[in-house]
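Down below is the structure, laid out as structure tokens.
Bear in mind that the values in this text are calculations on the coordinates, not laboratory data. These figures come from a predicted structure and were not determined experimentally. We place every Cβ from the backbone using ideal geometry, glycine too, and count neighbours over all the protein chains shown.
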Amino acid sequence: MKLVAGTKHLTELANRGYSVEQVCLLKLIDDGDDIKEMIDSSAKWAAVYQSAIRKGLIFEENKLTTDGKEIIIFIDSKEGKRIKKVAAQSTEFDLFWNEFPKTDTFEYKGRKFTGSRGLRTARDDCRTKFSKIILEGEVTATQLVEALKLDVHQKKEMSYKTGTNKLSFMQNSLTYLNQRSYDPFIDLLSQGVTIQETLKTNSGGTDI
């Protein structure tokens with residue numbers, strides 16, 4: 001492992017709350033080194049490893065998150081400019097949370113559909129999972145929110161067409177994230193599928 005850091009690099013790392021030990025750990029993982037024995041045999045390195053996970057730099061199977069990769073890019077750069085931060089912001093999660101239906105009771109195009117389930121659950125766990133998804137780097141916060149909008153819209157549209165409440169089949173918010181139920185709708189968005197409604201019609205009335 002070769003790690004070269006100047007004063008600008010070290011200052012920026014300190015300002016962001018990252019330790020040199022955490023950066024060394026990220027560099028080892030990025031180089032493909034097996035860190036398991038080091039973590040298992042050293043309480044200090046085990047603590048560094050856990051702190052890197054908490055800071056959103058590492059996720060399962062010792063893979064670097066997008067933020068972790070940005071630190072490596074920063075360290076390898078000669079300029080020592082500021083580290084790019086890509087973790088999901090609270091406002092991004094709030095957009096997702098507010099778009100997720102509270103219950104499966106709704107009104108759409110003047111027709112009322114009565115449900116019996118609460119759909120928003122475990123807000124803090126959802127926030128953690130949402131941030132983790134974004135850090136993995138495969139999906140952006142915007143894609144996730146837009147996929148949710150399309151999913152809900154299609155369920156409401158099908159409810160209107162069939163007279164059956166399709167929103168009752170929607171998973172609760174935490175299960176939705178854990179099972180990546182948004183993936184098919186991200187695929188649809190990439191194929192150019194959009195919600196052909198005005199914003200007023202898109203809202204489908206007020207969730208109860």
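Once the Cβ-Cβ distance of residue 34 and residue 10 is raised to the sixth power relative to R0 = 30 Å, the FRET efficiency obtained is 0.65.
Normalised Debye scattering of segment 90-202 at q = 0.14, 0.15, 0.19 Å⁻¹ gives log10 I(q)/I(0) of -0.56, -0.64, -1.03, counting only Cα atoms as equal scatterers and leaving out solvent. From the alpha carbon centroid of segment 87-162 to that of segment 12-37 is 35 Å. With the cut-off at 26 Å, tell me which of the pairs 102/155; 78/129; 8/55; 109/129; 109/149; 63/129 have Cα atoms farther apart than that. Where the Cα-Cα span goes over 26 Å, the pairs concerned are 78/129; 109/129.
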